[in-house]
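Q: Attaching a single structure in structure tokens format; questions to follow.
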């Protein structure tokens, strides 16, 4: 059976779009008529077209599934295979129980490829935005070794661990970002709306305002006169920065700068090291050769200097060198991770020690993120309090002087 995208008219005359499976387009049209629909268009879905069909609007999208949804599908797939279901039966079950129209369309496209004689990895290759190269490489290794159910369990653990780590880092940074946004909004509101209203009280007096008040009034006038220009300049710089970062040379300089930062550099280095170790652990543990695993793991590194170090390590391993010496020579990866990899190569237990290195890096990364957020919270509160205190003092000082003159 193949997947077909259809457009039909309902009893009320409204257009309906979706995906149905059938042997032929004629069979799908007959199924639509049995539902009381009038088929207008029925087309077979192949490859990325199936992934791009939107159930409501008929749009062609070129994006993947959310990481949380991919992790859930992988876990369900692994559970079904472990229960003894065939690949086709597991895909059928996933299609039926999936609540996301896009996920059902993707799984229907994979099922179509499997039924046409393709391997599961090849069928998933038609949806590169949904199933990355690392994912497909491990699936291919599981199919070749006959241990697809075991490999899927490991892959499910891997996707869930990556998703959990991503959520921890995201949630840890939400509070500082929210506090910073509120603080900037409050200060700008005071300077652009509150201060001008208070200044009117002092305009009718002939007293000389304190220097702090004059500085505050000047800052307020400057922001009111040039605020829109500052917003426009910020937007232009943001767009320009995004375009520059798309160029490898500028992206390289930016990544080098980030790695040199005291705390942020440690977090970025630890995050990429944890990704590399966990990826290599699951690939090597799944029976993938080390060179193939290094090629697939390169894609999970976001920092260009660290990615180049992995590519250079792959070249040295291909020439007969050891992985831990290549990573140590680059100087881009934590020493503890390098030592664990060296122990794994010496003892023949590379996969377990890679997994231990990934766990160690994840714990260290969580510690650094926790330390960073712990430091940022009081710093932001004190900074916000100091700015508000300066504004309040600048407003109250002229009032105090007026009271003293009255007395």
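The values are calculated or read from the model by the stated rules, or taken from the named source; none is laboratory data. Computed from a prediction, not measured in an experiment: that's the story for all the values here. Here Cβ is always computed from backbone atoms with ideal geometry, including for glycine, and neighbour counts include all displayed protein chains.
Q: Filter the range 292-303 down to the residues that are surrounded by fewer than 17 Cβ atoms within 10 Å (Cβ to Cβ) and outside any loop (DSSP other than H, G, I, E, B) and list them by number.
A: 292, 299, listed by residue number.
Q: Would you please name the residue that is modelled with the lowest pLDDT, looking only at residues in the range 122-140 that are closer than 16 Å to residue 88 by Cβ and buried (at least 20 other Cβ atoms within 10 Å of the Cβ)?
A: 139
Q: Does the range 287-302 contain at least one residue that is over 28 Å from the mean Cα position of the chain (by Cα) and over 30 Å from residue 146 (Cβ atoms)?
A: Looking for residues that are over 28 Å from the mean Cα position of the chain (by Cα) and over 30 Å from residue 146 (Cβ atoms), one finds none in the range 287-302, hence no.
Q: Would the range 142-149 turn up any residue that is free of Cβ contacts under 8 Å to residues at least 24 places away in the same chain and in a helix (DSSP H, G or I)?
A: Within the range 142-149, none of the residues are free of Cβ contacts under 8 Å to residues at least 24 places away in the same chain and in a helix (DSSP H, G or I).
Q: Just one of 29, 33, 49, 75 is modelled with pLDDT under 70 and assigned to a helix (DSSP H, G or I); which is it?
A: Unique residue meeting the criteria: 49.
Q: In the list 347, 303, 343, 370, which residue meets the criterion of being at pLDDT 85 or above and closer than 20 Å to residue 261 by Cβ?
A: 303
Q: Just one of the numbered conditions (1) modelled with pLDDT of 80 or more; (2) crowded, with 17+ Cβ neighbours inside 10 Å is not true of residue 209; which one?
A: Only one criterion is unmet by residue 209, namely (1).
So that you can scan it fast, the table gives a plain yes or no per residue for (1) in contact with a helix residue (DSSP H, G or I) (Cβ under 8 Å, 6 or more places away or on another chain); (2) crowded, with 19+ Cβ neighbours inside 10 Å; (3) in contact (Cβ under 8 Å) with a residue 60 or more places away in the chain; (4) in a helix (DSSP H, G or I):
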residue	(1), (2), (3), (4)
325	yes, no, no, yes
339	yes, no, no, yes
354	yes, yes, yes, yes
359	no, no, no, yes
370	yes, no, yes, yes
373	yes, no, yes, yes
379	no, no, no, yes
386	no, no, no, yes
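Q: A follow-up question, please. Are any residues in the range 141-168 surrounded by fewer than 16 Cβ atoms within 10 Å (Cβ to Cβ) and under 19 Å from the mean Cα position of the chain (by Cα), and if so, which ones?
A: 164, 166, 167, 168
Q: Out of all the residues in the range 266-282, is one or more farther than 30 Å from residue 395 by Cβ, without any contact (Cβ under 8 Å) to a residue 12 or more places away in the chain and in contact with a helix residue (DSSP H, G or I) (Cβ under 8 Å, 6 or more places away or on another chain)?
A: No; the residues of the range 266-282 include none that is farther than 30 Å from residue 395 by Cβ, without any contact (Cβ under 8 Å) to a residue 12 or more places away in the chain and in contact with a helix residue (DSSP H, G or I) (Cβ under 8 Å, 6 or more places away or on another chain).
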